[in-house]
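Colleague: First the structure, which I've put down as structure tokens, then a few questions once you've had a look.
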């Protein structure tokens, strides 16, 4: 027959295979090795995370113009990263994530805006397309922050290269608006340019309802020093305009340093230690069981021949 498969090991399913034989020694040894490796890794990660300086303050209940004071209790080596943090804001909602036009963000004048509906056109003039369009762009976080130290304004690094991903910097392309476009969103506020670094950061949606987004970095104090001294106070002037009460959210300003692991992350180190500890406990329990009640591998007395014969028939 022409459809008959060729007589080779692959097509006749005769390839050699290896299946691990899980003897007590292998099981106990594997759990023990996992525990010995994971616990030190977890301790190293915990140490790196604990050495990161981080402070935060909520400000959703403050006035439209407010100043937050951060009292520094230890010497902090710069750079310091300035973040805003939101809670109970679901940027991972499917409709929200899909409500954008990548072609428009890349500068295409003839971009299809159907994915942005209902925020593809101006709510006051249906003949005008929104630029940028979509739920993500039109819920842009528009609070602003200015940092002062000893009454002197601190220069913030907040260009695209400083806070946005390189892939986003290469992708977002601003163009002059067309006659049938507007950048005035539903709230009556002008939307940012698509190549604005803060807009790029906002457009990279978060996976969890509580998230931080980078706003700026502080590379030096006004006097040129690269150390924030213990006992000093860092002032952050906030323009508080982004509403959070409608979704029962909170807003925070976060200042933080980083390590070789990135920002502060207590969960990762704890997870490694927990998995390592559980593995060692399981190894000890299996060892005790093996010593107290050993079982010979492949012992034929555990086979129930009459029952097996019945099932075969």
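Colleague: Of the peptides 115-121, 219-225, how do they stack up when ordered by the mean number of other Cβ atoms within 10 Å, highest first?
Modeller: My ranking of the peptides, most packed first, is 115-121, 219-225.
Colleague: Let me ask you something else. Hey, fewest Cβ within 10 Å first, where do 295, 175, 95, 100 land in order?
Modeller: 95, 295, 175, 100
Colleague: Please compute the contact order of the chain in relative form: average sequence separation of alpha-carbon pairs under 8 Å and at least six residues apart, divided by the residue count, as a percent.
Modeller: 36
Colleague: Shifting gears a bit: Relative contact order, percent, of region 1-145 when contacts are C-alpha pairs under 8 Å separated by at least 6 residues? It would help to have the intermediate numbers written out before the result.
Modeller: Details: 73 pairs, mean separation 17.5, N = 145.
Relative contact order of region 1-145: 12 percent.
Colleague: Mean 1/r over all different Cα pairs, inverted: what Kirkwood radius does region 1-66 give, in Å?
Modeller: 19.2
Colleague: Going by how many other Cβ atoms sit within 10 Å of their own, how do 248, 101 line up, fewest first?
Modeller: Values: 248 8, 101 22.
If I rank by nearby Cβ atoms, fewest first, I get 248, 101.
Colleague: While we're on this one: Based on DSSP H runs of at least 4 residues, each adding -39500 (n - 2.57), what is the mean residue ellipticity at 222 nm of the chain after dividing by all its residues, to the nearest 500 deg cm²/dmol?
Modeller: The per-residue figure over the chain is -8500 deg cm²/dmol.
Colleague: If you average the sequence gap of Cα pairs under 8 Å that are 6 or more apart and divide by the length of region 110-249, what percent do you get for the contact order?
Modeller: Details: 180 pairs, mean separation 45.8, N = 140.
Dividing the mean separation by the residue count of region 110-249 yields 33 percent.
Colleague: Sort 237, 196 so the one with the fewest other Cβ atoms within 10 Å of its own Cβ comes first.
Modeller: Values: 237 14, 196 18.
Ranked by crowding around the Cβ, least crowded first: 237, 196.
Colleague: Please work out which option in [x] 53, 34, 18; [y] 37, 21, 18; [z] 28, 24, 21 gives semi-axes √(5λ) of the Cα gyration tensor in Å calculated from these coordinates, and answer with its label.
Modeller: Comparing each candidate, only [x] matches the computed number.
Colleague: Sticking with this one: May I ask for the angle, rounded to the nearest 10°, between helix 24-50 and the longest principal axis of the chain, with both axes built from Cα atoms and the value confined to 0 to 90°?
Modeller: 20
Colleague: Could you tell me which of rounded, prolate or oblate describes region 1-123, using a ≥ b ≥ c as the square roots of the eigenvalues of the alpha-carbon gyration tensor, with rounded for a/c under 1.5 and, failing that, prolate when a/b is larger than b/c and oblate otherwise?
Modeller: oblate
Quick note: the coordinates plus some simple rules give every number you see, no bench work behind them. Every value quoted in this text rests on a predicted model; they were computed, and no experiment measured them. Don't worry about glycine lacking a Cβ; one is built from the backbone with ideal geometry, like all the others, and counts go over all protein chains shown.
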